[in-house]
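**Q** Sharing a structure here in structure tokens format.
The values are calculated or read from the model by the stated rules, or taken from the named source; none is laboratory data. Since this is a predicted model, take the numbers as computed values, not measurements. When we count neighbours, we look across all protein chains shown, and the Cβ atoms used for this are built from the backbone with ideal geometry, even at glycine.
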Amino acid sequence: MKRILVSALALSLLLAIAGPASAGDVGRATTKGILIGAGSILLLDALFRAHQPAVVYAPAPPVVYAPAPPGVYAPAPPPARWIPGHWQSRWVPTQEWRDVWVPDHYTPDGQWVQGHYERRMTQGGYYAQIWVAGRWE
């Protein structure tokens, strides 16, 4: 914003100083116009450069050469191994409810219990032969 105001002020001052050219002194008016133009360019350049910060060059940092780190050897992973398919025995658990005969008896409290059927869960199981497919490992 300051640049625009300074530029407008400098241009208005130059235009106020420069008088109108008359038809009789063409050579003098041309010289005056050239000098005014050159002066305005120099003045505006000086005004614009006054607001710019100065450029400061710092010396380059020193270059330090360090050797590359040694390579790390890692052995190759073992090759993939095929495990062929095979039969295998596996336990298959089972649960089922059965009606079981409970004979006559006395309870610990001394009460008589008539014989009856009672539903109970039985747990068991069996071994089954299953096929395990071959795989890469």
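**Q** Return yes when Leu11 is surrounded by 10 or more Cβ atoms within 10 Å (Cβ to Cβ) and at pLDDT 80 or above and no when it is not. Full working, then the answer.
**A** Values: surrounded by 10 or more Cβ atoms within 10 Å (Cβ to Cβ): yes; at pLDDT 80 or above: no.
Judged against the criteria, Leu11 is not a match.
**Q** What are the residues in the stretch 126-135 that are touching a Ser or Thr at 6+ places or on another chain (Cβ under 9 Å) and either under 12 Å from Glu96 (Cβ atoms) or touching a residue at least 40 places away in the same chain (Cβ under 8 Å) (or both), if any? If you could, list the steps in order and put the result at the bottom.
**A** Pass one, the stretch 126-135, residues touching a Ser or Thr at 6+ places or on another chain (Cβ under 9 Å): 126-130.
Residues satisfying the conditions are Gln129, Ile130.
**Q** Now for a different question. Hey, any hits in the stretch 113-124 for a residue that's in a loop (DSSP other than H, G, I, E, B), among the hydroxyl-bearing types (Ser, Thr, Tyr) and either within 30 Å of Ala10 (Cα to Cα) or modelled with pLDDT under 95 (or both)? Show your work before the answer.
**A** First, the residues of the stretch 113-124 that are in a loop (DSSP other than H, G, I, E, B): 114-115.
The next check asks that each one be among the hydroxyl-bearing types (Ser, Thr, Tyr); those that pass are none.
Checked the stretch 113-124: no residue is in a loop (DSSP other than H, G, I, E, B), among the hydroxyl-bearing types (Ser, Thr, Tyr) and either within 30 Å of Ala10 (Cα to Cα) or modelled with pLDDT under 95 (or both).
**Q** Within the stretch 95-125, which residues are in contact (Cβ under 8 Å) with a residue 24 or more places away in the chain and surrounded by 10 or more Cβ atoms within 10 Å (Cβ to Cβ)? I'd like the intermediate steps shown before the answer.
**A** Residues of the stretch 95-125 in contact (Cβ under 8 Å) with a residue 24 or more places away in the chain: 95-98, 121-125.
Those that are in contact (Cβ under 8 Å) with a residue 24 or more places away in the chain and surrounded by 10 or more Cβ atoms within 10 Å (Cβ to Cβ): Arg98, Thr122, Gly125.
**Q** Of all residues in the stretch 84-93, how many are of a type outside the set (Phe, Trp, Tyr), loosely packed, with under 10 Cβ neighbours inside 10 Å and free of Cβ contacts under 8 Å to residues at least 40 places away in the same chain?
**A** The number of residues fulfilling the criteria is 1.
**Q** Could you please let me know if Ile130 is out of contact with any Leu (no Cβ under 7 Å at 6 or more places or on another chain) and either within 30 Å of Ile4 (Cβ to Cβ) or at pLDDT 85 or above (or both)? Lay out the reasoning, then the answer.
**A** Values: out of contact with any Leu (no Cβ under 7 Å at 6 or more places or on another chain): yes; either within 30 Å of Ile4 (Cβ to Cβ) or at pLDDT 85 or above (or both): yes.
The answer is yes for Ile130.
**Q** Specify which of the listed residues (Arg135, Arg81) is surrounded by 10 or more Cβ atoms within 10 Å (Cβ to Cβ) and within 43 Å of the chain's Cα centre (by Cα). Step through it out loud before you land on a result.
**A** Numbers: Arg81 fails: surrounded by 10 or more Cβ atoms within 10 Å (Cβ to Cβ).
Unique residue meeting the criteria: Arg135.
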